[in-house]
Amino acid sequence: MSLAAAAEMPEEFSFSDADFEALAQLARAEFGLSLAVSKKPLVYSRLARRLRARGLSSFREYMALVDRADEADERLELVSALTTNVTSFFREKHHFDTLRDVLLPELAKQNRIRIWSAGCSSGPEPFSIAMTLLDGLQSLPADLRILATDIDPAILRRARRGSYLREDCAAVPSSFQSRWLIPTPGEPEQVEISQDLKRLISFAELNLICDWPFKGPFDAIFCRNVAIYFDQDTQQRLWTRFATMLRAGGFLFIGHSERLSGPATNEFATAGVTTYRKRALPAPTQLT
Ligand SMILES: C[S@@+](CC[C@H](N)C(=O)[O-])C[C@H]1O[C@@H](n2cnc3c(N)ncnc32)[C@H](O)[C@@H]1O
C-alpha cells in the first residue's frame, strides 16, 4: 500500500509522538539507527505487522515488550523491519574490479588474507568476494578467511545455506556460474553455491555498533549500504573503528550513497568511487 493511501485509512494501532520518540531512542541506542520524525509513517507501516504478530493493540505495548530483557529476538525483528536486506551479486561492480585489479596482485604475495563483509545480508557480497579471489589467485594461501557478519540471524541462516534463484545470479559472470553455482536437483530455478566458496567464509552474528570480538588486521572491509541507516555520530565512529581494523594500505568499500566523514578522513586516501585506502600515517590535520 502506498503511504498516501495508508494516510487516509484509520490507524489500526495508536502511535503517539511520544511512542515514536521512545522507539527512535531505542533504535539509536541499540542499533545506531537514525529515525527522523518524518519517518514516522514509514515506521508505522513497517512495524504494524510485528504488532499483529504479537497480538498487541498499540505501539506503547510494543515498546514495553521490546524493553524486556527476554525479548532480544523481538528487538532483532524490530531492526530487521526498519532496515532492508536488499543485496545482489557483484553489486557496485567497480568495487570488485578494484579488488581484482589493484588489491589482488598484492594479496597474491601474502600468506595471510583477511577480508570482512560487514552487513553481508543473505550472502551475495561475501560470495562475490570469494569468487573474485578464487578466480584471480593462482594458488590460495593456507590462511585465507572471509568474515561475513550481519545483525540479523535469519538472514545469516539464508547466507550460510547459499541457495539462490538462478535469476538472482544474472550478474555472476558466466564462467563463474559454471564453476561455482551448482544446479539444485529437482529445482531447475534454484542453484547452490559450491563448497569451494563456502569453506572460505565464516558467517557470524554481529551488531556493528557493539564490541567486535576480533582484532584483524584486515586487507579489505566491505561495509556497503549499512551505515546509511546510522546517524552521523555512529557513522563517524564506525569509519574510525574500521581504520583501526585495517592494515596500512587496506581498502574500505562503502555504499553508493554513503560518504566517509569525521576524524577517519585523515586515516584514509580516496582510491576510487566510494573506495578508500588506509594511509600508512594519518594525513596531517589542516590548520584553519
Ligand atoms: C541493505 S543490506 C546491505 C547488504 C550488502 N552489504 C550490500 O550492499 O549488498 C543492509 C544489511 O545491514 C544489516 N544491518 C543493519 N543494521 C546493522 C547493525 N547495526 N549491525 C550489523 N548489521 C546491520 C541488515 O541486517 C542488512 O542485512
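Observations
- In this structure, LEU206 does satisfy being at pLDDT 95 or above and of a type in the set (A, V, I, L, M).
- Qualifying residue in segment 221-230 (condition: among the aliphatic types (A, V, I, L, M) and farther than 21 Å from HIS95 by Cβ): no
- Qualifying residue in segment 3-17 (condition: at pLDDT below 90 and of a type in the set (S, T, N, Q)): no
- Criterion violated by LEU56 - all others in (1) of a type outside the set (D, E, K, R); (2) assigned to a helix (DSSP H, G or I); (3) over 30 Å from PRO126 (Cα atoms) satisfied: (2)
- Against the numbered list (1) buried (at least 16 other Cβ atoms within 10 Å of the Cβ); (2) away from the ligand (no atom under 16 Å from the Cβ); (3) aliphatic (A, V, I, L, M), ALA24 comes up short only at (2).
- Of residues in segment 56-89 being among the hydroxyl-bearing types (Ser, Thr, Tyr) and within 15 Å of TYR44 (Cα to Cα), the one farthest from the ligand (Cβ to nearest atom): SER57
- Whichever residue in segment 122-148 is farther than 17 Å from ALA171 by Cα and touching a strand residue (DSSP E or B) at 6+ places or on another chain (Cβ under 7 Å) and, among such residues, is surrounded by the fewest Cβ atoms within 10 Å (Cβ to Cβ): ASP143
- ILE193 being within 16 Å of the ligand (Cβ to nearest atom) and farther than 30 Å from GLN25 by Cβ: yes
- Helices (runs of 4 or more DSSP H) contained entirely in segment 169-288, each with at least 3 residues that are open to solvent by less than 30 Å² (accessible area, probe 1.4 Å) and of a type in the set (A, V, I, L, M): 232-245
- Every residue from segment 30-55 that is away from the ligand (no atom under 16 Å from the Cβ) and either on the phi > 0 side of the Ramachandran plot or of a type in the set (Asp, Glu) (or both): GLY55
- Scanning segment 120-141 for any residue that is within 16 Å of the ligand (Cβ to nearest atom), on the phi > 0 side of the Ramachandran plot and of a type outside the set (Lys, Arg) turns up at least one such residue.
- Selected residue (criterion: nearest to ALA148 (Cα to Cα)) from residues of segment 222-275 that are aromatic (Phe, Trp, Tyr) and at pLDDT 95 or above: PHE222
- Segments classed as helices (runs of 4 or more DSSP H), wholly inside segment 63-154, with at least 1 members that are within 16 Å of the chain's Cα centre (by Cα): 72-82, 93-98, 124-136
- Close pairs (8 angstrom Cβ cut-off, 6 or more residues apart or separate chains): small (Gly, Ala, Ser) in segment 74-101, part of a helix (DSSP H, G or I) and open to solvent by 40 Å² or more (accessible area, probe 1.4 Å) anywhere: SER80/ALA154; ALA81/ARG46; ALA81/ARG49; SER88/ASP168
The values are calculated or read from the model by the stated rules, or taken from the named source; none is laboratory data. The structure displayed is predicted, hence computed values, not measured ones. Note: ideal-geometry Cβ built from the backbone for every residue, glycine included; neighbour counts use all protein chains shown. All accessible areas refer to the heavy atoms of the entire protein, side chains included, with ligands and DNA or RNA removed. Shrake-Rupley method; radii C 1.70, N 1.55, O 1.52, S 1.80 Å.
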